[in-house]
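Colleague: This structure is in structure tokens; I'll ask about it shortly.
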Amino acid sequence: MKSHCSVSTEAVTIRHTVARSDMENVRKIVESSGFFSDEEVEIAVELVEERLTKGIPSGYHFLFVESEGKVIAYTCFGRIPCTKASYDLYWIAVHDAFRGRGIGKKLLAATEREIAAQGGQRIYIETSSRQKYEPTRSFYEHCGYKQEAELKNFYSPGDAKVVYVKEINPSEPCSTLDEATSR
């Protein structure tokens, strides 16, 4: 049976290490989407810098997708402080030029596996309720995330924070990582 997380056959490499050049890579990826404000772009870059400065104690973990030597997507995630097994997926973004090829699903599956390997059992994702984010919410739902909460007027009047959650089993996260090389 084909999983709803199936992806294209595009060869990609998933990298776990963070390099100084990733500050600019993240900036380009996030800006390309057209979804994020200048302030949000700066926050995305600051998280990379925080990881470079403090290392693992920063609490920020990254996966980067590379294709033909270019960073084309990434995730940033971390354990939620004061929890035993809950993680936040802070960012998942694919460069606009590479969307629609299944890369986001492949990256999300790899992130789920990494979180499971770190002992995570639940992943929380927050997004906007604005119409512009409908494809984002649909993506999460297609990958098995369930809406857990909606905080009305959170971001601004009429723009709620929508919180998704997925319980993960370390032996059964979305199985698309097999199609990528991990390093």
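Just so you know, all these numbers are worked out from the coordinates, no wet-lab data involved. If you're wondering where the values come from, they're calculated on a predicted model, not measured in any experiment. Cβ atoms come from the backbone with ideal geometry, glycine included; neighbour counts cover every protein chain shown.
Colleague: Compute log10 of I(q)/I(0) for region 84-131 with the Debye formula, placing one identical point scatterer on every Cα and leaving out solvent, at q = 0.15, 0.20 Å⁻¹, to two decimals.
Modeller: Rounded to two decimals, the profile gives -0.48, -0.77.
Colleague: Find the percent of Cα-Cα distances in the chain that exceed 23 Å, and round it to a whole number.
Modeller: 39 percent
Colleague: Please tell me which of these pairs span more than 21 angstrom C-alpha to C-alpha: Lys70/Lys105; Lys105/Lys132; Lys84/Lys166; Lys28/Lys54; Lys28/Lys70; Lys132/Lys152?
Modeller: In this structure, Lys28/Lys54 lie more than 21 Å apart at Cα.
Colleague: Place a +1 charge on the Cβ of each Lys and Arg in the chain and a -1 charge on the Cβ of each Asp and Glu, then give the dipole magnitude about the Cα centre in debye, rounded to the nearest 20.
Modeller: Value, rounded to 20: 380 debye.
Colleague: Still on this structure, please answer the following. What number comes out for the charge environment of Ala85, summing +1 per Lys or Arg and -1 per Asp or Glu over other residues with Cβ under 9 Å away?
Modeller: Residues close to Ala85 contribute a combined charge of +3.
Colleague: Give me the three principal axis extents of region 23-104 from the C-alpha atoms, as integers in angstrom, largest value leading.
Modeller: Principal axes ranked by extent give 38, 25, 24 Å for the Cα atoms.
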